[in-house]
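The values are calculated or read from the model by the stated rules, or taken from the named source; none is laboratory data. The shown structure was predicted, so the numbers you read here are calculated from the model rather than taken from an experiment. Please note: Cβ atoms are built from the backbone with ideal geometry, for glycine as well, and neighbour counts cover all protein chains shown. Note: areas computed on protein heavy atoms with side chains; ligands, DNA, RNA excluded. Shrake-Rupley method; radii C 1.70, N 1.55, O 1.52, S 1.80 Å.
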Amino acid sequence: MSLPLASTDLATLKSELRERAAELGFTSFGVAPAVIAPGFDRFERWLDAGFAGEMEYLPRRREAYRHPDSVLAGARSVVMLGLPYRDAEGAADPARPGEGRIASYAWGTGDYHDLIRERLDELGKTLADRAPGASVRGVVDTAPLLERDFARLAGLGWQAKNTLLIDKRQGSYLFLAALLTDLELPPDEPHVAQHCGTCTACLDACPTGAFPEPRVLDATKCISYLTIELKGPIPETHRTAIGEWIFGCDVCQEVCPWNRKAPPSEEADFQRQAERERVDLVELLSLDEAAFRQRFRGTPMKRAKRRGLLRNAAIALGNNPRPDGAGALIRSLDDVEPLIREAAAWALRFYAGEETVATLGRRLGEEREDWVAMTIRNSLAIVEGAGPMISAPSGDSRPPLA
């Protein structure tokens, strides 16, 4: 338990924390009282609707999201912080044939979790130095805390129709972080107004129709969930809609009017690296486990693991084909991971040709996983009557799906 501080001392401490946070690169700062999360009931309804999909850690920790004291015992204040990650050049250029796209938060040189945790530790140290005995804990999107609820309570912005928090000055390309303490810091005024108006650009642009209504996301249809959180095969009903995305998605942010003039991040670690903005899918499918770990060590993309990322790459290579993609997919039919074999078999239905037919036929006789064999059989039926191999990326020239 922290020692009691006078209200003037707490106000001064808050001011010092704000200054220190700015020095550390946080462009948003606000204090919310540690209360029952305003959106907790909505969160429970969302879970009960099944919208969390396979993210079992959410319902497992359901009750923990009710109040911040599950993150820090005796919490009385939640300091909410924002760190922008928008690249100076904005949205990526369209992917060329055979290329995959990655969400912009993963374009940089490292994992944002590591960078933010280091800075939260520094900010927490400032608090501890000014208020010896105070309890403090910094968290960044891994603890059971409804960050967007508390960001709104702290005055940082409002929840948009795509469920993301929007700061009027900075848009939605923001990493959120929180510093919890048992000190009762003076709270900021909550952000009450909604500034989305009648705009539905984000809802209309979602390729998979993941928003059943404004401010409700069905994660089981979200491209970010499908390419990162989902560990099994991606449902066929969503594969074509995923397009070239292989890790996350930016579509609903790219079309948001509030992001048109959002200032770019000044963090060097968040600036785009050419090899992550757009990825050569044929090259990606050639990576074994050791090469995958070497290439994506210390980046958010390691989270998808090799089997997940190469599953995504195979699907994207079907959606965005180029002539040498057939060879890469054919080789992937013999991968040790059935998840990759199945995705490659699906994608090969967009590459009709004698070699494709022969290889699918051979693999069908060797495959021991029934669910993989079913996809091979379906693709074989398609390519046997599909005509010449596709050499252009246009979806109009692809054979019909089964």
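When each of the peptides 21-32, 164-175 is scored by the mean number of other C-beta atoms lying within 10 Å of its residues, the order from highest to lowest reads 164-175, 21-32. Using the Stokes-Einstein relation with a Kirkwood hydrodynamic radius computed over Cα pairs, the translational diffusion coefficient of the range 124-166 at 4 °C and a viscosity of 1.567 mPa s comes to 105 µm²/s. Lysine pairs in the chain whose alpha-carbon atoms fall under 26 angstrom of each other, counting only those eight or more residues apart or on distinct chains, come to 10. Any idea what diffusion coefficient the chain gets from Stokes-Einstein, in µm²/s, Kirkwood Rh on alpha carbon pairs, 37 °C, 0.692 mPa s? For the chosen part, D equals 144 µm²/s.
Using alpha carbons only, how many angstrom separate the centre of the range 176-200 from the centre of the range 303-378? First find each Cα centre; the distance between them is then 46 Å. Expressed as a whole percent, the accessible area of the chain that falls on carbon and sulfur atoms is 51 (1.4 Å probe).
The calculated FRET efficiency for Ala193 paired with Lys302, based on their beta-carbon distance and R0 = 35 Å, is about 0.35.
Calculate, for Ala22 and Thr200, the FRET efficiency according to 1/(1 + (r/R0)^6) with r their C-beta to C-beta distance and R0 41 Å; round to the nearest 0.05. Kindly include the intermediate steps, with their values, before the conclusion.
Values: r = 35 Å, r/R0 = 0.85.
After rounding to 0.05, the efficiency reads 0.70.
For Leu47 and Ala274, the difference between the fully extended length at 0.36 nm per residue and the C-alpha to C-alpha distance is 77.9 nm. Counting 0.36 nm for each residue step from Thr237 to Arg96 and taking away their Cα separation leaves a gain of 48.4 nm.
How much accessible area per residue does the chain have, counting only protein heavy atoms and a probe of 1.4 Å, in square angstrom? Walk me through the intermediate numbers first.
Numbers: 17650 Å² over 402 residues.
That works out to 44 Å² for each residue.
Cysteines of the chain lacking any other cysteine Cβ under 4.7 Å from their own Cβ: Cys196, Cys199, Cys206, Cys222, Cys249, Cys256. Within the chain, DSSP assigns beta bridges of which about 95% are antiparallel (rounded to the nearest 5).
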